[in-house]
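The values are calculated or read from the model by the stated rules, or taken from the named source; none is laboratory data. Source: prediction; values computed, not measured. Here the Cβ positions follow ideal geometry from the backbone for every residue, glycine too, while neighbour counts run over all protein chains shown. Accessible surface areas use protein heavy atoms only, side chains included; no ligands, DNA or RNA. Shrake-Rupley method; radii C 1.70, N 1.55, O 1.52, S 1.80 Å.
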Amino acid sequence: MKKIAVIGLGYVGLPLAVAFGEKRPVVGFDINAKRIAELKQGEDFTREVSSEELAAASQLSFTDSLDDIAGCTVFIVTVPTPIDDYKTPDLTPLVKASESVGKVLKSGDIVIYESTVYPGATEEVCVPVLERVSGLKFNEDFYAGYSPERINPGDKEHRVTTIMKVTSGSTPAIAEEVDALYADIITAGTHKASSIKVAEAAKVIENTQRDLNIALMNELAMIFAKLGIDTHEVLAAAGTKWNFLPFKPGLVGGHCIGVDPYYLTHKAQAIGYHPEIILAGRRTNDGMGPYVAAELVKAMIKAGHTIANARVLVMGFTFKENCPDLRNTRVIDVVKELRDFGCHVDVTDCWADSAEALHEYGISLTDKPEQGSYSGVIVAVPHKEYAAMSAGDLRGYLKADGVLFDLKGILPLGEADLRL
């Protein structure tokens, strides 16, 4: 039985390593020594894997030393693939991970990538790095595969083993081997793609499709606001049709939906095609933070509040509910716009790490917001703790005639002053 190394132990890598570690020898590798120390203690700060699940993976060990993965024959790379400030793919983590694997790569080994990339990146970017560092020849000495991750952070129903897995390999025989490897742990089944490029493209359009659908909902929300009708009421009515898709408006951040479309558009532009629809959706979604802030400010003015130095409370700062991940959170756009209006903004989040919020965004989280102190409150991220609060609880933070903005519509119709 081949020994596996999982490179990168975040939301994607750790659950995968745990699933494999219940059945075969696995070494989880991460360059973050603090992360490794926590995992050795049975703790996962992402809250994706419980202490009991870690303990059940009896054949899983953790390390930050390349020497400890040198004996592995299958390397699964699960590092993040972000974008830079110019919306351009940043392949630095992927290249560095490939360099690390290249240092321990041996004849006959297989390197499988799960990180979201544009079609062609595995063979055009990663494989040359492996060849250069290892001195081995692709598809003669070592082989590659691609199996896109489908982890949904914070989702306890759809787990790595219960979501169908797309697989692929650099040769027909390797494709079979990669597929069989994943089939051993994926109870939902696998789908073997005809090539690595097809598997890469399948992944990147999954989130592009979601991005475009949410962009449509956001545009509809802006239209319906001008028409004086409630978007959620409209969606509930339309949703009675059997084939209406249940998307809702909101801020689109995170390391997938708000990022992946730029990988596809980058590749499209590189081959001479300018993607109109995908980028239009991205512009709409990227503009929602300023829109939300402006709507709150208009409502506060109508309620008689002075905007300069007005106190506003933003509840929730992570990129999605019931998840501590702050990567690419678009709540920061709301905060920045409100500050540009002259508001004093407090941000609270019962899931986020305060040190990370300060380091990444310069935001000092407020642990205990003051009752009766704010001209406006935005429930930006519907963590279960906030969803359990009543309109009365939330209004307790407001001054007289303060404005409550229920961004995601967690309260019944009419109980908030604004919602998308």
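Quick one: among ILE31, ILE271, ILE332, which has the greatest mean-square fluctuation in a GNM of the chain with alpha-carbon springs under 10 angstrom?
Highest fluctuation among the options: ILE271.
Per residue, how many Å² of accessible area does region 275-351 show with a 1.4 Å probe?
Solvent-accessible surface per residue comes out at 38 Å².
For region 112-193, build the charge dipole from Cβ charges (+1 Lys, Arg; -1 Asp, Glu) around the Cα centre, then report which of ILE174, ALA188, GLY135 sits farthest towards its positive end.
The residue sitting farthest along the positive end of the dipole is ALA188.
In terms of modelled amide H atoms, which long-range or inter-chain residues lie less than 5 Å from the amide H of HIS344?
Distant-sequence amide H within range of HIS344: ASN309, ALA310, ARG311, VAL312.
Helix 276-286 versus the longest principal axis of the chain: what angle, 0 to 90°, nearest 10, using Cα atoms?
Helix 276-286 and the main axis of the chain meet at about 60 degrees.
Farthest toward the dipole's positive end in region 205-312, which of ILE301, GLY272, PHE224, given Cβ charges of +1 (Lys, Arg) and -1 (Asp, Glu) about the Cα centre?
Of the listed residues, the answer is ILE301.
Probe radius 1.4 Å, ligands and nucleic acids left out: which of HIS232, HIS266 has the largest accessible area, and how do the rest follow?
Ranking HIS232, HIS266 by accessible area, largest first, yields HIS266, HIS232.
About the Cα centre of the chain, what is the dipole size in debye to 20, counting +1 per Lys and Arg Cβ and -1 per Asp and Glu Cβ, all else neutral?
Result for the chain is approximately 560 debye, rounded to the nearest 20.
Please turn the phi angles of region 66-75 into ³J(HN,Hα) values with the Karplus equation 6.51 cos²θ - 1.76 cosθ + 1.60 (θ = phi - 60°), one per residue in order, whole Hz, x for glycine and proline.
4, 4, 6, 10, 4, x, 7, 10, 10, 10
Taking a probe of 1.4 Å, how large is the accessible area per residue of region 76-222, in Å²?
40
Quick one: length gained pulling ASP401 to GLU52 fully straight, 0.36 nm per residue minus the C-alpha distance?
120.8 nm
So, with +1 on the Cβ of K and R and -1 on the Cβ of D and E, and no other charges, what is the size of the charge dipole of region 47-169 about its Cα centre, to the nearest 20 debye?
160
For GLN209 and ARG339, compute 0.36 nm times the residue count separating them, minus their Cα-Cα distance, and round to one decimal in nm.
Between GLN209 and ARG339, full extension yields an extra 43.5 nm.
Calculate one ³J(HN,Hα) per residue across region 47-53 by plugging θ = phi - 60° into the Karplus curve 6.51 cos²θ - 1.76 cosθ + 1.60, and present them in order as whole Hz with x for glycine and proline.
So the Karplus estimates, Gly and Pro as x, are 6, 7, 10, 7, 4, 5, 5 Hz.
Go ahead and run the numbers for FRET between ALA391 and ASN309, Cβ-Cβ distance against an R0 of 35 Å, rounding to 0.05.
0.85
How would you rank 95-101, 352-358, 156-162, highest first, on the average number of other Cβ atoms within 10 Å across their residues?
95-101, 352-358, 156-162
Given H placed 1.01 Å from N in the peptide plane, which residues other than close sequence neighbours of LEU407 have an amide H under 5 Å from its amide H?
Correct list: VAL379.
Please compute the modelled spin-label separation between ALA237 and SER65, points set 7 Å along Cα→Cβ, answer in nm with one decimal.
Label-label distance for SER65 and ALA237, simple model: 6.7 nm.
Roughly speaking, to the nearest percent, how much of region 15-168's 1.4 Å accessible area is carbon and sulfur?
49
Please list, in order along region 239-253, the HN-Hα scalar couplings obtained from phi with the Karplus expression 6.51 cos²θ - 1.76 cosθ + 1.60 (θ = phi - 60°), rounded to whole Hz, x for Gly and Pro.
x, 6, 7, 4, 10, 7, 7, x, 9, 10, x, x, 7, 10, x
Run through region 36-90 and list the chymotrypsin sites (Phe, Trp or Tyr not before Pro) located in a DSSP loop whose Cβ has at most 15 other Cβ atoms within 10 Å.
Qualifying residues, ordered by number: PHE45, TYR86.
With the full set of protein chains in place, find how many percent of the accessible area of region 241-296 is carbon and sulfur; take the probe as 1.4 Å.
Exposed carbon and sulfur together represent 65 percent of the surface.
Take ALA188 and ALA268, extend 7 Å from each Cα along the Cα→Cβ direction, and tell me the distance between the two endpoints in nm.
Result for the modelled spin labels: 2.6 nm.
Starting from the amide H of TYR146, placed 1.01 Å from N in the peptide plane, find each other amide H under 5 Å away whose residue is 5 or more places distant or on another chain.
Here TYR113, SER168, GLY169 satisfy the definition.
When you count, for each residue, the other Cβ atoms within 10 Å and take the mean per peptide, how do 1-8, 215-222 rank with the highest first?
Going from most to least packed, we get 1-8, 215-222.
With r defined as the distance between the Cβ atoms of LYS137 and VAL95 and R0 fixed at 25 Å, what FRET efficiency is calculated, to the nearest 0.05?
That pair, LYS137 with VAL95, gives E of 0.80.
Got a number for carbon plus sulfur as a percent of region 301-392's accessible area, 1.4 Å probe?
C and S atoms contribute 48 percent here.
So if R0 is 30 Å, what FRET efficiency would LYS3 and LYS156 give, r being the distance between their Cβ atoms, rounded to the nearest 0.05?
0.55
Given points 7 Å out from each Cα along the Cα-Cβ axis, report the ILE31 to ILE223 separation in nanometres with one decimal.
Placing both labels 7 Å beyond Cα along the Cβ direction yields 4.6 nm.
Rg/Rh for region 128-168: what does it come to with C-alpha atoms and Rh from Kirkwood?
Ratio of gyration radius to Kirkwood radius: 1.23.
Distances longer than 19 Å among the Cα atoms of region 230-379: what percent of all pairs is that?
So the portion of pairs separated by more than 19 Å is 62 percent.
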